[in-house]
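Scroll down for the structure; my scribbles are underneath it.
The values are calculated or read from the model by the stated rules, or taken from the named source; none is laboratory data. A quick note: this is a predicted structure, and the numbers were derived from the prediction, not measured. Cβ placement follows ideal geometry from the backbone for every residue including glycine, while neighbour counts extend to all protein chains displayed.
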Protein chains: 4
Amino acid sequence: MNSEMIKEKLRKFAADRNWDVYHSPKNLCMALSIETSELMEHFQWLTENESQIIMNDPEKASEIKDEMADVYLYLMRLADKLDVDLDYQALIKLKKNAVKYPVELSKDNAKKYTEFH
Amino acid sequence: MNSEMIKEKLRKFAADRNWDVYHSPKNLCMALSIETSELMEHFQWLTENESQIIMNDPEKASEIKDEMADVYLYLMRLADKLDVDLDYQALIKLKKNAVKYPVELSKDNAKKYTEFH
Amino acid sequence: MNSEMIKEKLRKFAADRNWDVYHSPKNLCMALSIETSELMEHFQWLTENESQIIMNDPEKASEIKDEMADVYLYLMRLADKLDVDLDYQALIKLKKNAVKYPVELSKDNAKKYTEFH
Amino acid sequence: MNSEMIKEKLRKFAADRNWDVYHSPKNLCMALSIETSELMEHFQWLTENESQIIMNDPEKASEIKDEMADVYLYLMRLADKLDVDLDYQALIKLKKNAVKYPVELSKDNAKKYTEFH
């Protein structure tokens with residue numbers, strides 16, 4: 001399955017239920033933000049080390065995958081509504097980032113990282 | 001460009017800068033949430049109707065595409081760290097949603113929508 | 001009840017349960033963000049007009065008050081941990097905003113508003 | 001300065017600029033969520049230990065106080081619009097939490113904490 005297929009499935013899903021009226025870009029942004037928050041909820045009280053091994057817990061792993069799918073689907077839905085090609089934009093952004101964060105300035109420089117971002 | 005290529009580019013980008021130490025799943029979740037918020041910022045004071053036509057403004061459109069790329073890239077980075085296949089998870093979630101929100105119960109029923117979600 | 005009393009109650013609540021170890025400023029920030037998202041969830045599919053009258057629904061009103069209390073409590077807890085006097089900071093910020101958004105430039109100027117913020 | 005004074009100042013501030021039209025509860029919720037995210041941004045790449053001492057950096061401390069004031073002010077503004085008494089709701093919520101998380105079950109039980117919340 002690729003992006004175009006997902007977008008088409010989401011389009012049909014919303015059309016079948018007359019849900020397009022709810023899917024303004026403003027509302028889809030809110031939904032996307034809320035879903036990332038639900039994903040973050042699984043990590044909020046864990047240490048960073050605990051977060052590294054969370055997927056070893058099958059129940060937690062299943063919930064996290066489910067939340068990530070929600071984030072992905074709302075992002076796709078928004079991209080469809082705003083006519084944005086995410087793969088193309090990602091490529092452009094990766095090139096921008098390579099210029100913004102040059103290796104020689106960024107490497108071995110933890111402090112820089114937090115100031116950069 | 002596909003998901004696997006993006007993940008590989010992100011992996012190399014972080015490795016070149018010794019940034020893996022920052023990229024715990026916990027931190028990547030926070031970053032993802034913050035990026036969705038920056039995206040939402042473009043929509044917060046717009047009406048829903050205004051949000052439908054925001055991409056007609058080239059400057060705004062460029063900023064929004066940029067923020068969407070950030071969301072997409074952090075989601076991919078997290079998916080790579082947690083070994084999650086987003087396209088596959090999206091497919092599973094779409095099937096779950098079809099069961100959870102049956103057409104006959106959901107159609108023409110605005111109130112239901114808000115209670116469903 | 002005033003801020004100092006709330007902070008003291010939160011301090012005792014966490015101490016009684018040995019929860020201070022979880023309440024790093026980093027984690028409290030995440031919790032605060034997650035709670036605002038849970039609050040926002042009640043509004044995501046409403047129109048702005050519907051959001052104006054949501055408190056007429058007693059069940060919804062009760063849930064919204066509950067979420068707002070969560071946001072308030074986590075903000076107080078964080079303020080306590082970081083030794084921030086919120087009322088004083090609010091006063092300073094209000095003064096800054098009065099300079100940043102002068103009445104004559106801001107009034108009757110919807111477009112400006114979205115650019116200002 | 002107390003809550004009532006802050007609410008009154010915010011009311012006048014918005015009225016003077018004809019900004020009430022933007023301040024639907026829906027929009028204020030979004031603004032609140034975005035501000036908490038801007039606050040969280042200061043903590044995203046820090047370790048929990050680093051987050052404990054961030055206020056020793058005067059520049060960072062100033063920025064964090066500023067963001068916390070923004071969160072506080074939008075929460076107050078929303079509370080005013082929805083006619084919610086935050087101090088009273090906080091008291092009720094503290095009592096609910098005391099029942100929900102009994103000391104004897106919660107103490108010395110890290111695992112429980114993450115499951116509780």
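Do we have C:K26 as modelled with pLDDT of 95 or more, outside any loop (DSSP other than H, G, I, E, B), within 9 Å of another protein chain (Cβ to nearest Cβ) and closer than 25 Å to D:T47 by Cβ here? Break it down into steps so the answer makes sense when it comes.
Numbers: modelled with pLDDT of 95 or more: yes; outside any loop (DSSP other than H, G, I, E, B): yes; within 9 Å of another protein chain (Cβ to nearest Cβ): yes; closer than 25 Å to D:T47 by Cβ: yes.
Judged against the criteria, C:K26 is a match.
Could you list, ordered by first residue, the pairs with Cβ atoms under 6 Å in which the first is in the stretch A:1-13 and surrounded by 15 or more Cβ atoms within 10 Å (Cβ to Cβ) and the second is among the acidic types (D, E) and at pLDDT 95 or above, at least 6 apart or interchain?
A:K7/A:D80
Going by the structure shown, is A:V99 out of contact with any Asp or Glu (no Cβ under 9 Å at 6 or more places or on another chain), more than 7 Å from every other protein chain (Cβ to nearest Cβ) and either in contact (Cβ under 8 Å) with a residue 40 or more places away in the chain or closer than 19 Å to B:L10 by Cβ (or both)?
Yes: the conditions hold for A:V99.
Does C:L39 fit the bill of being in a helix (DSSP H, G or I) and within 21 Å of D:T36 (Cβ to Cβ)?
yes
Does A:Q44 meet the test of being without any contact (Cβ under 8 Å) to a residue 40 or more places away in the chain, assigned by TED's automatic domain parsing to the domain that holds A:K12 and touching a Ser or Thr at 6+ places or on another chain (Cβ under 7 Å)?
Judged against the criteria, A:Q44 is not a match.
Does the stretch A:42-59 hold any residues that are aliphatic (A, V, I, L, M) and part of a loop (DSSP other than H, G, I, E, B), and which are they?
Of everything in the stretch A:42-59, those that are aliphatic (A, V, I, L, M) and part of a loop (DSSP other than H, G, I, E, B) turn out to be A:L46, A:I53.
Please tell me if B:D80 is in contact (Cβ under 8 Å) with a residue 12 or more places away in the chain, touching a Lys or Arg at 6+ places or on another chain (Cβ under 6 Å) and surrounded by fewer than 22 Cβ atoms within 10 Å (Cβ to Cβ).
Taking the combined requirement at face value, the residue satisfies it.
Do we have any residue at all in the stretch B:60-82 that's within 16 Å of A:I64 (Cβ to Cβ) and aromatic (F, W, Y)?
yes
Collect the residues in the stretch D:29-77 that are within 13 Å of chain B (Cβ to nearest Cβ), surrounded by fewer than 19 Cβ atoms within 10 Å (Cβ to Cβ) and of a type in the set (V, I, T), keeping them in residue-number order.
The answer is D:T47, and nothing else.
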